């Protein structure tokens, strides 16, 4: 938003800004924030930064936990949810070992290094990403996990299970299970709310391609963002989750980006479209190639598919991710690619036909990921595929231009699958992460921290009895 500190101060004076809010991301992908009166925000802050306890973010150790963040004034936006006028911005994280240095484990720094490595490789100078955010807008959520009580209750006014509601006024127009895709008014009861979400996003500089109701009957929707560079797209992803959640709460609704909040209903992904440019020219287009893709694009696809099992530790880092990624549904689990094929891990959009539009879509990713590390890992896998000339057809990844679930068992058995659990994803990353270390983009420490965290989460969830187990085993 701003290119200089003087620009920022002039704007704040003109707009009556009273507070400045700083947002920093942890490795898991959650924002933390700290706020100060505008009068305390000086040019010295832009040099020295603001100290904080890094161990509370999961950074470093308790003994060496003092860190600092320095605000990125280009990321500034006026927060639409504060009572007192507040300017918010994202902070970059620094270590304090003698002199201030960018912390190698700062997810935002990882994204910067990934883009820098891409440029140094000579393959491309711009990576454009277009994320699609799927989520549920709900009216109620409650959950409890104690030794003697395990419960979750979700509700949505538009869900078909409320068709027989008689305690309150019921006008009908409920959305059937799996029947929400592009439903129109009056069934699309979150239409005005989504318009408000998108207006809030556009007002802070996040471009939206479109929004619509999605397949899941109990309130699933999608907002598709415009294309941006890797780092900018990661910033926009975090901003979108912030705006969406807070706009919902302001309207007495709640939002979840969980990949699989409902049993038997559509899961929520965060598909991301990828294409590369060099000196303004598209790298992925070749009218003579398969689906008009260049060899470079096919090598990028080969790299991503080859490394996908390891990528899952960053792109799908929750136990809930693997409740969505199950065979037989639209969520992709088959390590293959194809044109307009939603059952494959990589889909080439059939409608993207011009050189500047030619791209592919990575479909497994979900919003429990940290967008900075997830997008960076995808780019690193693509670069490795291009540099190593990993052709997806030679690797047995297709193309498959049919629904792979329509293949017979023998044909389908030839197609490799994604990991079926978070533990399997961790095992895959442990065996295959050298490509992430190239150019110093990721570090051994980041890999180790990610493995430790997701293994701990998998273990903690794995030992909790599930209510369905009582149906299966209680009377045995």
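List of remarks:
- In segment 325-464, Cα pairs under 8 Å separated by at least six residues give a relative contact order of 23 percent.
- Length-normalised contact order of segment 5-103 in % [C-alpha pairs under 8 Å, at least 6 apart]: 28
- Our summary gives the chain a relative contact order of 14 percent, counting only alpha carbon pairs under 8 angstrom and 6 or more residues apart.
- Within the chain, antiparallel bridges make up roughly 85 percent of the DSSP beta bridges whose residues both belong there.
- Of the peptides 212-219, 84-91, the ranking by mean beta-carbon count within 10 Å, highest at the top, reads 212-219, 84-91.
- Legend: ranking of residues 142, 65 from fewest to most surrounding C-beta atoms inside 10 Å; resulting order 142, 65.
- Whether segment 5-103 is rounded, prolate or oblate, judged on the alpha carbon gyration tensor where a/c under 1.5 counts as rounded: prolate
- Tensor-based shape of segment 392-465 (alpha-carbon gyration tensor, a/c under 1.5 rounded, otherwise prolate or oblate): oblate
- Reported label for calculated P(r) over Cα pairs in 10 Å bins from 0, in percent given (1) 4, 15, 19, 17, 16, 14, 9, 4, 1, 0; (2) 4, 18, 28, 27, 16, 5, 1, 0; (3) 4, 17, 22, 20, 16, 12, 7, 2, 0: (2)
- Cα gyration tensor shape for segment 311-438, rounded if a/c is under 1.5, else prolate or oblate: rounded
- Segment 256-322 versus segment 1-58: alpha-carbon centroid distance in Å: 33
- Ordering of 196-207, 419-430, 335-346 by burial proxy (mean other Cβ atoms within 10 Å per residue, highest first): 335-346, 419-430, 196-207
- Likely footprinting exposure, 161, 31, fewest C-beta neighbours within 10 Å first: 161, 31
- Residue order for 53, 14, 401, 188, fewest other beta carbons within 10 angstrom first, comes to 14, 53, 401, 188.
We did not get these values from a lab; they are worked out from the coordinates using the rules stated. Just so you know, these numbers come straight off a predicted model, no measurement behind them. Note that each Cβ is placed from the backbone with ideal geometry, even for glycine, and that neighbours are counted across all protein chains shown.
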